[in-house]
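Visitor: Below is the structure I would like to discuss, written out as structure tokens.
The values are calculated or read from the model by the stated rules, or taken from the named source; none is laboratory data. On a predicted model such as this, the values are computed, not experimentally measured, just so you know. All Cβ positions, even for glycine, are placed from backbone atoms using ideal geometry, and neighbour counts span all protein chains on display. Note: accessible area is taken over every heavy atom of the protein model, side chains too, but ligands, DNA and RNA are not part of it. Shrake-Rupley method; radii C 1.70, N 1.55, O 1.52, S 1.80 Å.
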Amino acid sequence: MKKINTDNSTFEEIIRNGELYVDKTMYILPLICNADHMFSLARPDGFGKSLFSSTLHALFEGKKELFNGLYIEDKYSFEKFPVLHFNFANITAGISFDEFLASFSEAVYDAGKGIGIEVEFRKNPAALLLKILRGSMAKYGKGVALMIDEFDSPLTTAIIEGKSYIRDMRSVLNDFYSIIKNNGEYIRFFLLSGGTRYNCHSIFSGLNNLNDISMDPEFAGAFGYTDEELDEYFGEGIDENWNKSCNSREGFMEKIREYYDGYRFSPRSEMRVYNPVSIGRFFESGCEFENYWMNTGETSSVVNLARNFDLARYVNENQRAAKAAFSSFDLAQMMQRRFSPDSIIALLYYSGYLTITGGDEYSLFLSFPNKEIRKAFISGLVSRYTENEFFMDNWTGDFVSACRSGNENTVREKLEMYFSAFSYELVGKEKERFFQSVFHAIFVISGIHAVSEDRGLHGRADEAVIAGDHLWIFELKVDGSAEDALMQVEQRGYADKYSYLMRPGMTVHKVGMNFSSELRNIQEWKISESTIR
């Protein structure tokens, strides 16, 4: 298998270095041959947006030799065009508006010099871009290929850092995009990509003519690796490592899917993809099943701003939001604490924490895409509201061991320690939902198989946990009665759903728990235990 590059390298660097490149040029062809020539795209970090743009960059520069053996090699003329390629992540929000304006203007000026168009410098990105577009047409007699990566980066940084000049930034950006809209005759191709959809900010009042392919089913597999691509490009690594942790190659593939697959970017397509960064680092590590996405530090701003919002409600698996929330999304509302629940779901989707599972005419259904992201979100949330030292001293190992051995006293002891570590401010008004959410979270973090609000014939158990030869059924009450909670488990037969798992020696623990909102912890615990003979 070729060497894997998980850094922010360009297409040209990857090809010239002989590194692994998963061919996505079949998705480029319909874009560059389309009558529409201006596109926008939203994907979470780590899905190859910048690599896709740099592939377009090389193609429009006519570097056909880089495309040997790729899908597009014999399907395009590779006519050479001047290329303006910006990565707005390199434009600093600055400590002042003037610093932002200077950084932005310098980026535009340098891009013009890169294609041989040198204009008089001024701190006006829009005016500079217009002169460069006109100068390029006069010099080369053809429009430019224009790509903007991470378009939302400067504004997002300014919002998170609470800059006072956000309105002025929006005005400058709006003027810049108006030049693109109103001078299409100078542009052969345009792609705007970032973490959110282009019409999610008011800065785009001047740019409403883009073809948004973010949820287009035709491009559902354009970013990220499909199951077939995983086997085709990483097959040698799979063959070399599957017997480390599984009894079969297919079992190994299924485990990879459970950890890293499951991203779906169109409600009209069943296509699911893997995160390229997670997959690359997985194979680099010798196929160790770890949380690589969280370790990159991507989208940490979501959890860092968690104190402004009740994110505990999103610990549960299934979410629903109006489609309109994904197009009317405006990150500036986050700092003003005016986010609606639907807007928070949209934010979690754009950040890569949630993915599409389905939809109807008005709504999208979403959930965590895989085990890696579920644990990343919940671990980040819990660590945000607990003492940093909480998971020290082998707490998790002791808790898992107690669940798997059926040690009821230790399970309760560890849970009481867990709840006592939480900040009071997280509890909020809806106390029962809080306790249910963070109760489910600890099993996810510990790697124990657990289902929250598990539906049976006669109702839903608050938590069903399978740990080795032990099945735990928990029912939670707040300021109520543990005895009533246990009676509910018994009378409604919550454990019956798992009769197919029952085997000699297996123990069922039915637990009624009462939480005290005053103590913010377990006040009472009633348990019924039975072992299968």
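Visitor: Give me a count of the residues in region 4-19 that are in contact with a helix residue (DSSP H, G or I) (Cβ under 6 Å, 6 or more places away or on another chain) and either charged (D, E, K, R) or under 19 Å from PHE234 (Cα atoms) (or both).
Guide: Taking region 4-19 and keeping what is in contact with a helix residue (DSSP H, G or I) (Cβ under 6 Å, 6 or more places away or on another chain), we get 4-6, 10-12, 15.
Add one more test, that the residue is either charged (D, E, K, R) or under 19 Å from PHE234 (Cα atoms) (or both), and what stays is 4-6, 11-12, 15.
Within region 4-19, residues that are in contact with a helix residue (DSSP H, G or I) (Cβ under 6 Å, 6 or more places away or on another chain) and either charged (D, E, K, R) or under 19 Å from PHE234 (Cα atoms) (or both) number 6.
Visitor: Name the single residue, out of those in region 237-293 being open to solvent by 40 Å² or more (accessible area, probe 1.4 Å) and of a type in the set (A, V, I, L, M, F, W, C), that is farthest from ASN370 (Cα to Cα).
Guide: TRP242
Visitor: For region 222-234, enumerate the residues that are open to solvent by 10 Å² or more (accessible area, probe 1.4 Å) and in a helix (DSSP H, G or I).
Guide: Within region 222-234, ASP227, GLU228, GLU229, ASP231, GLU232, TYR233 meet the criteria.
Visitor: Is at least one residue of region 322-342 modelled with pLDDT of 90 or more and outside any helix (DSSP H, G or I)?
Guide: yes
Visitor: May I pose another question? Being out of contact with any strand residue (DSSP E or B) (no Cβ under 7 Å at 6 or more places or on another chain), of a type in the set (A, V, I, L, M) and surrounded by fewer than 22 Cβ atoms within 10 Å (Cβ to Cβ), is that true of even one residue in region 181-193?
Guide: No, every residue in region 181-193 fails to be out of contact with any strand residue (DSSP E or B) (no Cβ under 7 Å at 6 or more places or on another chain), of a type in the set (A, V, I, L, M) and surrounded by fewer than 22 Cβ atoms within 10 Å (Cβ to Cβ).
Visitor: Which of the residues belonging to region 481-533 are touching a residue at least 40 places away in the same chain (Cβ under 8 Å), surrounded by 14 or more Cβ atoms within 10 Å (Cβ to Cβ) and farther than 25 Å from LYS414 by Cβ?
Guide: Hit for region 481-533 is LYS497, nothing else.
Visitor: Checking ASP398 against (1) part of a helix (DSSP H, G or I); (2) of a type outside the set (Lys, Arg); (3) at pLDDT below 85; (4) surrounded by fewer than 19 Cβ atoms within 10 Å (Cβ to Cβ), only one condition comes out false. Which one?
Guide: For ASP398, the failing item is (3).
Visitor: What about ALA126, is it modelled with pLDDT under 95, buried (at least 18 other Cβ atoms within 10 Å of the Cβ) and farther than 30 Å from TYR21 by Cβ?
Guide: Criteria not met by ALA126.
Visitor: If you go through region 18-31 one residue at a time, how many are open to solvent by 10 Å² or more (accessible area, probe 1.4 Å) and either modelled with pLDDT under 95 or part of a helix (DSSP H, G or I) (or both)?
Guide: Looking only at that region, the number is 4.
Visitor: Okay, next question. Tally time: how many residues in region 32-75 are surrounded by fewer than 17 Cβ atoms within 10 Å (Cβ to Cβ), part of a loop (DSSP other than H, G, I, E, B) and of a type outside the set (Lys, Arg)?
Guide: 10
Visitor: State whether one or more residues within region 59-71 are touching a residue at least 60 places away in the same chain (Cβ under 8 Å) and within 15 Å of PHE11 (Cα to Cα).
Guide: Just the residues of region 59-71 that are touching a residue at least 60 places away in the same chain (Cβ under 8 Å), to begin with: 60.
Adding the requirement that they be within 15 Å of PHE11 (Cα to Cα) leaves 60.
Yes.
Visitor: Run down LEU457, LEU366, LEU381 and say which single residue is surrounded by fewer than 17 Cβ atoms within 10 Å (Cβ to Cβ) and either at pLDDT below 80 or at negative phi (or both). Give the steps one after another, and end with the answer.
Guide: Working: LEU366 fails: surrounded by fewer than 17 Cβ atoms within 10 Å (Cβ to Cβ); LEU381 fails: surrounded by fewer than 17 Cβ atoms within 10 Å (Cβ to Cβ).
One residue alone meets the criteria, LEU457.
Visitor: Look at GLY468 and say whether it is farther than 25 Å from GLU372 by Cα and either of a type in the set (Asp, Glu) or modelled with pLDDT of 85 or more (or both). Lay out the reasoning, then the answer.
Guide: Numbers: farther than 25 Å from GLU372 by Cα: no; either of a type in the set (Asp, Glu) or modelled with pLDDT of 85 or more (or both): yes.
Considered against the rule, which asks whether it is farther than 25 Å from GLU372 by Cα and either of a type in the set (Asp, Glu) or modelled with pLDDT of 85 or more (or both), GLY468 comes out as no.
Visitor: Residues that are part of a loop (DSSP other than H, G, I, E, B) and either of a type in the set (Lys, Arg) or more than 31 Å from the chain's Cα centre (by Cα) (or both): does region 131-139 have at least one? Quick ask: steps written out before the conclusion?
Guide: So in region 131-139, the residues part of a loop (DSSP other than H, G, I, E, B) come out as none.
Looking for residues that are part of a loop (DSSP other than H, G, I, E, B) and either of a type in the set (Lys, Arg) or more than 31 Å from the chain's Cα centre (by Cα) (or both), one finds none in region 131-139, hence no.
Visitor: Let me ask another. Which condition breaks for PHE219 when tested against (1) buried (at least 16 other Cβ atoms within 10 Å of the Cβ); (2) modelled with pLDDT under 95?
Guide: The failed condition is (2).
Visitor: Filter region 480-512 down to the residues that are touching a helix residue (DSSP H, G or I) at 6+ places or on another chain (Cβ under 8 Å) and either within 15 Å of GLY406 (Cβ to Cβ) or assigned to a loop (DSSP other than H, G, I, E, B) (or both) and list them by number.
Guide: Hits for region 480-512 are ALA495, VAL508, HIS509, LYS510, VAL511.
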